[in-house]
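All of the numbers you see were taken from the coordinates with simple rules; none came from a lab. Because the structure is predicted, anything quoted here is derived from the model rather than measured. Note: ideal-geometry Cβ built from the backbone for every residue, glycine included; neighbour counts use all protein chains shown.
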Amino acid sequence: MDIDGTLGISASGLRAERLRLDVIASNLANANTTRTIEGGPYKRRNVVFVTQGNEADFGATLESLAEEGARQGVAVSDVIEDPTPPRMVFEPGHPDANAEGYVAYPNVNPVAETVDLMAATRAYEANVQAVNATRRMAEAALAIGG
């Protein structure tokens, strides 16, 4: 049993999901921000995950699993802006309204963000459960040896 590898994989998942939760919280907090430092409305952000490991080829990955065990986790490769255009709402009295009276609101859908938040929370909890199960197995192994 490779406890360090298992804990490392779970730790990478916890770090990645924590960042994902932070980005989702930022998206929700700025759902009505019409003016940013960069100019224009807030732009929704997405987290891009990639697998950690040395093998890019599926066959090579299977071979390495047979030889040395699973050694892949997850990492955040980038936080990107969603290219979806902003929502245009007719509000002629708004200070950020354009010449036609439309205000550009962020491309954040609170319902979709809430669903993503629930999925990220569940993934975080699953990684915590994996850490706890690994700890229990290590404690059981020590009890057998003692």
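Any idea what angle helix 58-68 forms with the longest principal axis of the chain, computed on alpha-carbon atoms, 0 to 90 degrees, nearest 10?
40
Please compute the net charge surrounding Arg44, taking Lys and Arg as +1 and Asp and Glu as -1 over other residues with Cβ under 12 Å from its Cβ.
Residues close to Arg44 contribute a combined charge of -1.
Over the chain, what per residue volume does the convex hull of the Cα atoms give, in whole Å³?
135
Helix 3-29 versus the longest principal axis of the chain: what is the Cα-based angle in degrees, 0 to 90, to the nearest 10?
10
For Ala138, what charge total do you get from the other residues with a beta carbon under 15 Å from its beta carbon, if Lys and Arg give +1 and Asp and Glu give -1?
-1
If each residue of separation counts as 0.36 nm, what is the full-extension length gain between Met118 and Arg18 once their alpha-carbon separation is subtracted?
Contour length minus Cα-Cα distance gives 34.7 nm.
With angles folded into 0 to 90 degrees, how steeply does helix 110-145 sit against the dominant principal axis of the chain? Use alpha carbons for both and round to 10.
For 110-145 against the chain, the angle is about 20 degrees.
For a quick check: with amide H placed at 1.01 Å from N, whose amide H comes under 5 Å from Arg87's, ignoring anything fewer than 5 positions away on the same chain?
Placed amide hydrogens put Tyr105, Asn107 under 5 Å from Arg87.
Rank these for me by crowding, Asp116, Asp96, Asp4, going from fewest to most other beta carbons within 10 Å.
Taking fewest neighbouring Cβ atoms as first place, the list is Asp4, Asp96, Asp116.
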